[in-house]
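Here is the structure we will look at, set down as structure tokens.
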Amino acid sequence: MGKIELPTQLPKDFFLGAAMSGPQTEGAWQATGKLPNLWDRWSNLNITDFYNLVGSYGGNDFTRRRDEDIQIFKDLGLDSVRTSIQWSRLMDKDGKLNQAGADYYHKLFAAFAKAGIDVFVNLYHFDMPAYLYDRGGWENREVVEAYANYARAAFDEFGQEIKNWFTFNEPIVEPQQRFTNAVWYPFHHDFAEARRVQYGISLAHALATHEFRLAQAAGTVRADAKIGLINCFTPPYTKENPSEADLEAVRIVDGVDNRWWLDLVTKGEFPQDILDDLDRSGIDLGQRPGDEQVIKQGPVDWLGFNYYHPARVQAPSKKTDQYGNPVFAEEYVWPDAVMNKSRGWEIYPKGIYDFAMTMRDNYPDLEWFVSENGIGIQGENANKDEKGQIQDDYRIEFVRDHLKWVAKAIEDGAKCRGYHYWAVIDNWSWANAFKNRYGFVEVNLDDNYSRHYKKSADWLRRVATTHTIFDA
């Protein structure tokens, strides 16, 4: 089979922008009445868990540099930005609106609007208020209902300002990182707990979507607004000549990580085969009478697709791990994989196309966009030229190749409407802090978080303003 010739032109109405989040950029962690979230708690408990001892406090200094950063987005030709409201900034401990926090976001949204940049707002980015985690987190129905109350308050407060809303970013990641892989606070190795958390998040999403519909019907939310969900979907692959057990591993991983959310936001239900698998494994999701009606409220207007790497899996060599958790699959190392050695992730641009074809064929009515895509590199300072500019040709190559596959997907019938890069300006990234840099724009921590264009910034500007995918 010969090499596929990929298109280099994106549709004129295709939007190009930046992805970021409140907890990773804002800083100002105790300002405007903000309460501690789980990242603040973890930072306070054990700062040594964070790369170079950089905890959650400063973000990337966005609050102080808001106008400068918005001007950078404008200068680079970007037409939209996705960020998040922090639950712990908008609401107080009694579930009431914190007006100082609301004013913070009103000013932020107004600044973006003045610059002509459309703001996409996500309501949750792994940043549960600590006091709500103490009440049981996503496993407690009171917390699920508190999230619905928070969503209602956000829709009421900002409904005339914001057109594009999202309930959650990457709802599969928090169950994985906090409660299965145990690399985030509270470090629980418990597959069953992870699935209960996943179920609680699903209920919260459906309740928030229902609140959005009610607010829109009442005129509180603008008539042209849309509600969606963003997830890091990982196209699944296995060996070239798979066994039935290998294909079973693909089915289950795809079901838990991908189809769970796709069925929720299109059908208002979960994949029955996965519910059966969990039931056979003795995993109680905590379902209650009436939940089915709640989940039926889950369908959305469109979807965000975060893509960094594929999932390559094979049949497991054991049924349980050292913690007694069921093991449904193990990683398969593809011998031809091209790796980002800084992050340990495979670089596979065609995965974005394969997901697009899955959407076209299995969920044909749902519009979507690439809501995150990017490459994080450690030690970029070593790539500075004599003028001090980071020469990041690898970033140009990464984004170019992914955008070409996006263009090919659109050509072949995918309903992909835009692309947001993570993250146009370097930002704080959880326990990794600033270890791996993603930006087209450098944040210099040794110079008071000052901003500096990398080589790739000029390339991004040319692509964003022409919708042509240049080679360099």
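The values are calculated or read from the model by the stated rules, or taken from the named source; none is laboratory data. Treat the numbers as computed from the prediction; the structure is a model and nothing was measured. Using ideal geometry, Cβ is built from the backbone for each residue, glycine included, and neighbour counts are taken over all protein chains shown. What goes into the accessible areas is simple: the full protein's heavy atoms, side chains included, and nothing from ligands, DNA or RNA. Shrake-Rupley method; radii C 1.70, N 1.55, O 1.52, S 1.80 Å.
Note the direction-averaged projected area, equal to a quarter of the hull surface, for the Cα convex hull of region 147-263, in nm².
Result: a mean projected hull area of 9.0 nm².
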- Message: Run the Debye formula on the Cα coordinates of region 122-168, all scatterers equal and no solvent, and tell me log10 I(q)/I(0) at q = 0.18, 0.25 1/Å.
- Response: -0.58, -0.94
- Query: How high is the relative contact order of the chain, given as a whole-number percent (alpha carbon pairs under 8 Å, six or more residues apart)?
  - Reply: 18
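Rolling a 1.4 angstrom probe over the protein heavy atoms, how many square angstrom per residue are accessible across the chain?
Values: 19040 Å² over 472 residues.
Solvent-accessible surface per residue comes out at 40 Å².
With all distinct Cα pairs included, what does the Kirkwood hydrodynamic radius of region 332-411 come out to in Å, to one decimal, could you say?
Details: mean 1/r = 0.0679 Å⁻¹.
It is 14.7 Å.
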- What's log10 of I(q)/I(0) for region 201-255 at q = 0.19, 0.26, 0.30 Å⁻¹, Debye sum over Cα points only, no solvent? -0.73, -1.00, -1.13
- Task: Taking amide H positions as placed in the peptide plane 1.01 Å from N, state which residues far from F166 in sequence (5 or more) or on other chains have amide H under 5 Å from it.
- Result: V121, N122, L123, G228
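Out of the total accessible area of region 1-105 (probe 1.4 Å, heavy atoms of protein only), what percent is carbon and sulfur? Mind dumping the intermediate values first?
On the way: 2340 of 4600 Å².
Carbon-and-sulfur percentage of accessible area, whole number: 51.
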- Item | For the chain, share of DSSP beta bridges that run antiparallel, in % to the nearest 5 | 30
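With each run of n ≥ 4 DSSP H residues scored as -39500 (n - 2.57), what mean residue ellipticity at 222 nm is computed for the chain after dividing by its residue count and rounding to the nearest 500 deg cm²/dmol?
Working: 16 runs with 176 residues, N = 472.
That calculation yields -11500 deg cm²/dmol at 222 nm.
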- Given backbone amide H placed at 1.01 Å from N, residues whose amide H is under 5 Å from that of M91, ignoring those fewer than 5 places away on the same chain, are N98
- Task: State which entries of K93/K114; K3/K350; K114/K454 exceed 22 angstrom in Cα-Cα distance in the structure shown.
- Result: K93/K114; K114/K454
- Note on the structure: Both in Å, the radius of gyration and Dmax of the C-alpha trace of region 70-201 are 16.3, 47
- Task: Can you pull a Stokes-Einstein diffusion coefficient for the chain at 25 °C (0.890 mPa s), Rh from Kirkwood over Cα pairs, as a whole number of µm²/s?
- Result: 108
- Task: Work the Kirkwood hydrodynamic radius out for region 327-472: mean of 1/r over every pair of different alpha-carbon atoms, inverted, in Å.
- Result: 16.8
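With a 1.4 Å probe and all protein chains left in place, how much of the accessible area of region 298-357 comes from carbon and sulfur atoms, in whole percent? Let's see the in-between values first.
Details: 1480 of 2920 Å².
Taking all protein chains in place, region 298-357 shows 51 percent carbon and sulfur surface.
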- Can you tell which of P171, I70, N37 lies farthest toward the positive end of the dipole of the chain, using +1 and -1 charges on the Cβ of basic and acidic side chains (Lys, Arg; Asp, Glu)? I70
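How large, in Å, is region 204-360 by the Kirkwood hydrodynamic radius built from its alpha-carbon pairs? The partial results should precede the final answer.
Numbers: mean 1/r = 0.0562 Å⁻¹.
Averaging 1/r across every pair of different Cα atoms and inverting gives 17.8 Å.
Nearest 20 debye, what's the magnitude of the dipole of the chain about its Cα centre given +1 on Lys and Arg Cβ and -1 on Asp and Glu Cβ? Walk me through the numbers before you get to the answer.
Values: 53 positive and 70 negative charges, 177 e Å.
That gives a dipole near 840 debye.
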- Query: Using the alpha carbon gyration tensor of region 9-113, what are the three equivalent-ellipsoid semi-axes (square root of 5 times each eigenvalue), largest first, in whole Å?
  - Reply: 28, 18, 12
- Size of charge dipole - region 57-183 - debye, nearest 20, with Cβ of Lys, Arg +1 and Asp, Glu -1, no other charges: 80
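Helix by helix through the chain, keep the DSSP H runs that span 24 Å or more along the axis on Cα and average at least -0.5 on Kyte-Doolittle, and give those back in order.
Values: long enough: 141-158 (25 Å, -0.34); 191-218 (41 Å, 0.11); 393-411 (27 Å, -0.45).
The answer, listed by residue number, is 141-158, 191-218, 393-411.
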